[in-house]
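Student: Let me give you the structure first, and then I'll get to my questions.
The values are calculated or read from the model by the stated rules, or taken from the named source; none is laboratory data. Note that the structure is a prediction, hence the values are computed from the model and not measured. Neighbour counts run over all protein chains shown; Cβ positions are idealised from the backbone, glycine included. Please note that ligands, DNA and RNA were not included when accessible areas were found on the heavy atoms of the full protein model with its side chains. Shrake-Rupley method; radii C 1.70, N 1.55, O 1.52, S 1.80 Å.
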Amino acid sequence: MFGYRVPAPDEAMLISGGRRGLGGAPFRVVTGHGKFVLPIFRKVRFLTLSMCESEVTETCVTRQGISLHVRAVIAFKVGNDHESIINAGQRFLSDQEQMSVLTGRIFAGHLRAIIGSMTVEEIVTERQKLAAEVLDTSKTEMAKIGLIVDSLQIQSIDDGDTGYIDAMSAPHKAAIQRQAQIAQAQATQAAVEAEQAAARKQAEYARQTAVVKAEYSAEVDRAQAQAAQAGPLAQAHAQQEVLAAQTELAQRQAKLRQQQLVAEVVKPAEAEAERVRILAAAEAQRMKIQAEAAASYDRVALDRMLIDQLPQIVKEAAGGLAGANVNVLNGADGLGEIAAGLVSQGLTILDSVRQNLGGQDSDGRTGESAANGQFQLPTSKARKANDGPVDVD
C-alpha cells in the first residue's frame, strides 16, 4: 500500500518529521510492525539490529614490560530497547559501518589497559579472566553509544621474538615430552607384551592342535586295530560260547547220571536196608514175644507146682510143732488160729520162693530148677519162727 512501511525483523524503522520521538528524539522508532508514513512529509530510515563483528589486533605491554601481540574478536549489536536504538541511530544511522570501527578502538584501549595490569603467565593461563575484565570495563561505554557486546574471544597471544612464552612453556613441554615418551614406552611395552601374548596363544593353539591331531590319529589307530581284531575276537567269543554250552551240557548230563545212579543203586540199597531192618526188628519182636510167652508159661507151671506142694509145705510146718511146747488157752478157737497161722506161713513161704525164682529167671538156673520141680524149702526159718511158745487167749 502506498505510504505504508514495514521494517525487517532485524531492523528498526526510524521515522523523522512530524512528531518527535521518545525523550525528545528527532525520530520515532518502530520495530516489529508496520506504520503508515505520509510521503514527502515524513522520511523513513532503517537501522540494523543484526549481529556485527569487530576484530582487534593490538600490541600490548604486560606488567613485566614484555610486549605481546594480542588478537581478539568482538561480537556486538544495537540494543533492542528504544533508548539503545535512539543512541545508535543518532551516531551510526548515516554510516553504520562505523560501529565496527569504533567498537574495535574502544576494546583495543580497554585491552591494553587490562593487559598492562597482568603478567604474561596470567594472560596465557587465564584468557577467560582477561576477556571478562575487558567486557566489564567496556560495558558502560558501549551502552552509551547504544551497543551491547555478546562475546569477546582472545584469538591469539604472541610475544614475537622474545621467546618468553616458549621459555615459560619449556618445563611443560619437557613434562609433556617426558609423559609422551613414557606413554610411548608403555605403549611399546604393551605392544611387546601383546605380541608375546599373541605368540604364546599361537604356540598354545599349535600345541593343542598337535595334541588333537595326535588324539585323532591314536583314535583312528585304535579303530583300525579294533576292526582288525573284530573277526578273531568274534570267532573266539563264538568258541567260548560253544565251550560254555558244552560245559553246561556236560554238567547237566553228570547231574542226570547222578540222579539215575541214585534211582538205580542208592534208593534200592536203602530200600533193601530198610526191609532188612524191618525184618530184623520184626524177628526180634517175635523172639521177645516168644521169650515172654515161654517165661509166662514157666511161671504158670511153677505156680501150679507150688500150689500142688502147698499141703506138703504146711505139713512140714506143722511137723515142726510136734516137739514144741504149745499151750492152748482158748480151746478150739485157739487151735483154729494156730492152723490159720500155719497156712498163712506156708503162703508167705510160697511167695518168697516165687519171688526168688522170678529174680533168678534171667540167669536161667532157677527157672530150670523150677521147671524140673526141684526146689529147696526153707524149713529151718519156718521152724525157727515157730520155736517159741504160742499163747492163745
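Student: Condition check: assigned to a helix (DSSP H, G or I), open to solvent by less than 50 Å² (accessible area, probe 1.4 Å) and over 23 Å from Gln64 (Cα atoms). Does Thr188 satisfy that?
Tutor: Taking the combined requirement at face value, the residue does not satisfy it.
Student: Okay, moving on. Within the stretch 26-37, take every residue that is exposed (fewer than 15 other Cβ atoms within 10 Å of the Cβ) and closer than 22 Å to Pro9 by Cα and give me the one that is nearest to the chain's Cα centre (by Cα).
Tutor: Here the answer is Gly32.
Student: May I ask you to say which residue of Ala198, Ala174 is at pLDDT below 90 and open to solvent by less than 60 Å² (accessible area, probe 1.4 Å)? Please lay out each step first, then the result.
Tutor: On the way: Ala198 fails: at pLDDT below 90.
Result: Ala174 is the single residue among Ala198, Ala174 that is at pLDDT below 90 and open to solvent by less than 60 Å² (accessible area, probe 1.4 Å).
Student: Next question, about the same structure. Scan the stretch 94-129 for residues that are part of a loop (DSSP other than H, G, I, E, B) and among the β-branched types (Val, Ile, Thr) and jot them down.
Tutor: Within the stretch 94-129, just Thr119 meets the criteria.
Student: Within the stretch 202-216, is even one residue more than 38 Å from the chain's Cα centre (by Cα) and not polar (S, T, N, Q)?
Tutor: Within the stretch 202-216 (the criterion being more than 38 Å from the chain's Cα centre (by Cα) and not polar (S, T, N, Q)), the answer is no, since none of the residues qualifies.
Student: Which residues, counting only those in the stretch 4-25, are open to solvent by less than 90 Å² (accessible area, probe 1.4 Å), touching a strand residue (DSSP E or B) at 6+ places or on another chain (Cβ under 6 Å) and modelled with pLDDT of 75 or more?
Tutor: Pro7, Glu11, Ala12, Met13, Leu14, Ile15, Ser16, Gly17
Residue-by-condition table, conditions (1) more than 30 Å from Arg28 (Cα to Cα); (2) surrounded by 15 or more Cβ atoms within 10 Å (Cβ to Cβ); (3) of a type in the set (A, V, I, L, M, F, W, C):
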{"residue": "Asn80", "(1), (2), (3)": "no, no, no"}
{"residue": "Gly104", "(1), (2), (3)": "no, yes, no"}
{"residue": "Val134", "(1), (2), (3)": "yes, yes, yes"}
{"residue": "Lys139", "(1), (2), (3)": "no, no, no"}
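Matching residues to (1) over 60 Å from the mean Cα position of the chain (by Cα); (2) surrounded by 14 or more Cβ atoms within 10 Å (Cβ to Cβ); (3) within 19 Å of Glu133 (Cβ to Cβ); (4) in contact (Cβ under 8 Å) with a residue 24 or more places away in the chain:
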{"site": "Met51", "(1), (2), (3), (4)": "yes, no, no, yes"}
{"site": "Arg63", "(1), (2), (3), (4)": "yes, no, yes, yes"}
{"site": "Val70", "(1), (2), (3), (4)": "yes, yes, yes, yes"}
{"site": "Ser84", "(1), (2), (3), (4)": "yes, yes, no, yes"}
